[in-house]
Structure formats: C-alpha cells, structure tokens
Amino acid sequence: MILREKYAGGRQPSSVFWAVVQPAVSLGFLVVGLSAFFGEPIVDWTPITAQYLGFLRPSEGINFLPQGAFMCFYGFFGFFVFGPIQWYINIFNIGQGVCEFNKNDGMMYIVRNNEMIREVPLEDFQAVKFEWTNLAVLGARDVYLICQDGKEIHFMDDPEVYPRALSFESTQGRIITYLLEFEWDLPVRALATQQVAKPY
C-alpha cells in the first residue's frame, strides 16, 4: 500500500497575481521617483512611453525629498530584487514535491524540487502528532511524524490543510496510522494537539 501527500509548490493563483502586480507597481514607483529626481517626467523622453505611460507623470507637489526618494527605494527593491524572486518561485514552482509512505518497502520518502530530501524507515516512527486551532491567522494547522529519537518531521505543510484536518480522523489519519501500524485514538476537537502512539 502506498500513500502520497502532494506538495503544491509556490505556483499558486495568488502568487502569480502578486508576481505580476508587485513588480509593475514597483516599476511605476521607480519611474515617478526618478522623474522627481530629474525634475521632469522621464516618460516624455521617448514618444512611445509618452503616449502609453503618460499616467506615470508625477503630479504637482511631488519633490525628490522625501517622496521621490522613498518611491525610488521601494521601486528599485520591488522591481529588481523581489520581482525576480517572485518570478523564479512561480516559473520553477519552488517547493513542489511529494511525501510518500510506501508500505511495500517500508520507507517514507520526501521529495522536493525533484530532489530526495528525506528517506526514513517506517519502523523509526513512534507516533503521529496532529495539531490545529480554529484561529484564521495564528492558528496551528500541522501534522507531524514523531521519530523514536523524539525528532518531529513536519510532512504536511499545505496552508489549506485546515479543511482537510477536520476530516483527518476518517481519511488520511487512519491510512497513515495503518501504514505505520499505530492504534487509532484521535478525537477531533476545535482546539487540539493530539498524538497517536505506536503500540508496544
């Protein structure tokens, strides 16, 4: 029997949206800030930008200090630093992978970005730790595997894990505990930190 928990990676609709909007806004800030520095709209330097980017002409009253300097600072880092990082994450879908529980060969594998980052025998686990809260912002929504040496392996880190966590008792939790040969005793609560221990 094999159970796979997929990791979606960084290419999400919201991250693609911000990878487009944030660099575009940053570029606009940079253009307006540089216009304040030169004392004239730099979009008027060429006919094409003057025609299509006229909305980036700074309004009256925008001086280089302090408004223009701040806009240059934000625009430079937003466009040339954070923008490429966002596109790198989305293009290569950083973080994509899978966690596989393979009862056939008795191993657990975690693969991220096409690289094997963890390989643990199933017999090394002694418990499944499941904790969550119903808090929207600061709540814990995590599932851990506890090794015999006390080390915790955080194998489910999907930010949308909370809806799945509510059905954990009847679905993935039972499958995982079956794969690891644990006894199942996990009451679902609105605020809980529960642990399923391996029988000895």
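The values are calculated or read from the model by the stated rules, or taken from the named source; none is laboratory data. All figures in this text were calculated on a predicted structure; none of them were measured in a lab. Because the Cβ atoms are built from the backbone with ideal geometry, glycine has one as well, and the counts that use them run over all protein chains shown. Side chains included, ligands, DNA and RNA excluded: accessible areas come from the protein's heavy atoms. Shrake-Rupley method; radii C 1.70, N 1.55, O 1.52, S 1.80 Å.
Just a few scattered comments:
- Boolean, N114 is polar (S, T, N, Q) and open to solvent by less than 60 Å² (accessible area, probe 1.4 Å): no
- Condition met for L65 (open to solvent by 40 Å² or more (accessible area, probe 1.4 Å), out of contact with any strand residue (DSSP E or B) (no Cβ under 8 Å at 6 or more places or on another chain), outside any loop (DSSP other than H, G, I, E, B) and not basic (K, R)): yes
- Criterion applied to F29, F55, F37 was being open to solvent by 70 Å² or more (accessible area, probe 1.4 Å) and under 37 Å from the mean Cα position of the chain (by Cα), and the one residue passing it is F55.
- The sole residue among Q96, Q126, Q86 that is open to solvent by 20 Å² or more (accessible area, probe 1.4 Å), farther than 30 Å from P13 by Cβ, touching a Phe, Trp or Tyr at 6+ places or on another chain (Cβ under 9 Å) and not hydrophobic (A, V, I, L, M, F, W, C) is Q126.
- Scoring N104 on the criteria (1) surrounded by 12 or more Cβ atoms within 10 Å (Cβ to Cβ); (2) in contact (Cβ under 8 Å) with a residue 12 or more places away in the chain leaves a single failure, condition (1).
- Search result, residues across the range 80-96 that are over 12 Å from V16 (Cα atoms) and either touching a residue at least 24 places away in the same chain (Cβ under 8 Å) or among the charged types (D, E, K, R) (or both): F82, I94, G95, Q96
- Residues being touching a Lys or Arg at 6+ places or on another chain (Cβ under 9 Å) and charged (D, E, K, R) - total across the range 41-70: 1
- Subset tally (residues that are small (G, A, S) and open to solvent by 60 Å² or more (accessible area, probe 1.4 Å)) for the range 68-83: 0
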